[in-house]
1. Without any contact (Cβ under 8 Å) to a residue 24 or more places away in the chain and surrounded by 14 or more Cβ atoms within 10 Å (Cβ to Cβ), is that true of residue 31?
2. Do we have any residue at all in the stretch 14-27 that's crowded, with 20+ Cβ neighbours inside 10 Å, closer than 28 Å to residue 227 by Cβ and modelled with pLDDT of 90 or more?
3. Return yes when residue 178 is at pLDDT 65 or above, closer than 22 Å to residue 250 by Cα and surrounded by 17 or more Cβ atoms within 10 Å (Cβ to Cβ) and no when it is not.
4. Answer yes or no as to whether residue 227 is closer than 22 Å to residue 71 by Cα, assigned by TED's automatic domain parsing to the domain that holds residue 174 and modelled with pLDDT under 95.
5. Can you confirm whether the stretch 52-74 contains a residue that is assigned to a strand (DSSP E or B), surrounded by 11 or more Cβ atoms within 10 Å (Cβ to Cβ) and at pLDDT below 95?
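The values are calculated or read from the model by the stated rules, or taken from the named source; none is laboratory data. Just so it is clear, the model here is predicted, and its values are computed rather than measured. Note that we place each Cβ from the backbone using ideal geometry, even for glycine, and neighbour counts take in every protein chain shown.
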């Protein structure tokens, strides 16, 4: 099994009729992220996350995850990213990726053990307080002058949907995209886990030297949770837009860090929950 979708046979029921047909479903497989780093006694390796994801763009996912969890501070911390052995679908190694850090990069293993357990449904669990984010060096967005027009914001869902090739085939993936003030999608990814899609976006931006992304917004195809807002804050993005509802903690986090939070973005209507001054 490889790629982002898989052919399967289904029985389709419509009223009193039943037909057998082929269909496409989204692929879900585990990805283990292993971290190689230097300690006082030499190089070592530690497994830091196992997440259910859609195969593909694993390097961006791993890099984005490590950055939004404050394990790395910049792309310069990374020496190498590679799958562990041949990445052929039948080898099993395409589900294990190793990120080697440069010498001198400090790693807080105790923090990783406290916070890192991920699934495709809930993201990084255990982060139920804002204090965890305050101690990661996340910055207030108060001084960011970037503004987005209403026309740009309302056009985003259609542009995001047009970029979701696998969703069109399967109906089973979330999407996330970074966009500029002209409404152009700078980085766009799909994944069965909404937090994974965001990590892939952040991973690409970090690799391109676009972090902190103070001139870019983030749009997600589902709801706006605390985890997604946390990732936007860590990436320095001044706006998070969601086509569905935000959670109470996402709103609290947005107001704490002055990130514009848009929810229920559908057609020409949307709600603003924080920092409304960035919507022109």
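1. It is false that residue 31 is without any contact (Cβ under 8 Å) to a residue 24 or more places away in the chain and surrounded by 14 or more Cβ atoms within 10 Å (Cβ to Cβ).
2. Checking the stretch 14-27: not a single residue is crowded, with 20+ Cβ neighbours inside 10 Å, closer than 28 Å to residue 227 by Cβ and modelled with pLDDT of 90 or more.
3. yes
4. yes
5. Yes, the conditions are met somewhere in the stretch 52-74.
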